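Report on the following structure.
The values are calculated or read from the model by the stated rules, or taken from the named source; none is laboratory data. Worth saying up front: this structure is predicted, and the values here are computed from it rather than measured. Cβ coordinates were reconstructed from backbone atoms using ideal geometry, including for glycine residues, and neighbour counts include every protein chain displayed.
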Amino acid sequence: MFRVRTLGGLRLEAGEGSTGGSSRGRSLALLALVAGAGDAGITRDQLLAYLWPQSDTARARNSLKQVLFSLRQELQAEIFVTTNPVVRLDPRAVAADLQEFAAALDRHALADAVALYQGPFLDGFYLSGLADFEHWVETDRRRLAARYQKAMESLATGASAAGDTHGAVMWWRRVVAHDPLSSPCALALMRALVKDGDRVQALKYAGLHENLLRAELGLDPDTGEKVFVRQLRQHASAAGPSRFGDRQRSTRRRTHDPTS
């Protein structure tokens, strides 16, 4: 069974993580395009437009045939279902993390989906001279990153609603690691830390986030974040250093992180 990995890079694997053959360049790009099309598949004309935009139709079709033939020879297997004019992955021969990620989100298995997201879509993969392909990559990269972040935010709010303050902090930390410049996400982490009894860390993160915004964007935190931080600091001043620093933390069991 082969596996196309697109989240966190682009590679084709066979068996237990070993790389299937030495596919490079347009062969890998073709795999990514077909995997991204899912069960509906992608037409040959679309593949030609993405991967051979400068070639005339006859030459581009010949190049596509050569890539498909080379993959069959290299893998000693047929991983595509080709029903003219559509090409799709054969689920009996190859799996794709992209499709598994989407399926996990559709069935609301959010922790499973988050575990599958190993990094940005096609991270580090680039082919020069293919503007439409790069536009497709960037568009899907943003879309998938947004779905990943939304899943983590849902896990964080779910943990908070269940009274699992440790779990909420863990998930919000992962959210801000993914989107460190977001004031709403930073505020959510600070609120979670306070609920978990750790106002000191909430204030510490507030300072880090404020410095990051100024360094990266030349901006101050938004109004909601500034108001919350001001209230935290007022509480710290009124409580005194010893009471503030020794505030009892929640003893609820820490949520297991399925991706650790």
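When Arg174, Arg191 are checked against the criterion of being within 21 Å of the chain's Cα centre (by Cα) and modelled with pLDDT of 95 or more, a single residue qualifies: Arg174. Got at least one residue in segment 83-106 being over 18 Å from Val4 (Cα atoms) and either crowded, with 17+ Cβ neighbours inside 10 Å or among the aromatic types (Phe, Trp, Tyr) (or both)? The answer is yes, given that some residue of segment 83-106 is over 18 Å from Val4 (Cα atoms) and either crowded, with 17+ Cβ neighbours inside 10 Å or among the aromatic types (Phe, Trp, Tyr) (or both). Each residue in segment 53-76 was checked for being within 30 Å of the chain's Cα centre (by Cα) and assigned to a loop (DSSP other than H, G, I, E, B), and 1 pass.
Of the residues in segment 194-205, at least one is under 26 Å from Asp164 (Cα atoms) and touching a Gly at 6+ places or on another chain (Cβ under 8 Å). Taking the criterion of being over 18 Å from Leu47 (Cβ atoms), small (Gly, Ala, Ser) and part of a helix (DSSP H, G or I), the residues of segment 95-144 that qualify are Ala102, Ala103, Ala104, Ala111, Ala113, Ala115. If only residues of segment 159-171 that are hydrophobic (A, V, I, L, M, F, W, C) and within 14 Å of Asp198 (Cα to Cα) are counted, the one that is nearest to the chain's Cα centre (by Cα) is Met170. Residue check: Arg173 meets all listed conditions (1) touching a helix residue (DSSP H, G or I) at 6+ places or on another chain (Cβ under 8 Å); (2) on the phi > 0 side of the Ramachandran plot but one, namely (2).
If you check Arg141, Arg147 for being in contact with a strand residue (DSSP E or B) (Cβ under 9 Å, 6 or more places away or on another chain), within 30 Å of Leu12 (Cα to Cα), surrounded by fewer than 19 Cβ atoms within 10 Å (Cβ to Cβ) and not small (Gly, Ala, Ser), only one passes: Arg141. Number of residues in segment 89-122 that are closer than 15 Å to Asp140 by Cβ and out of contact with any helix residue (DSSP H, G or I) (no Cβ under 8 Å at 6 or more places or on another chain): the value is 1.
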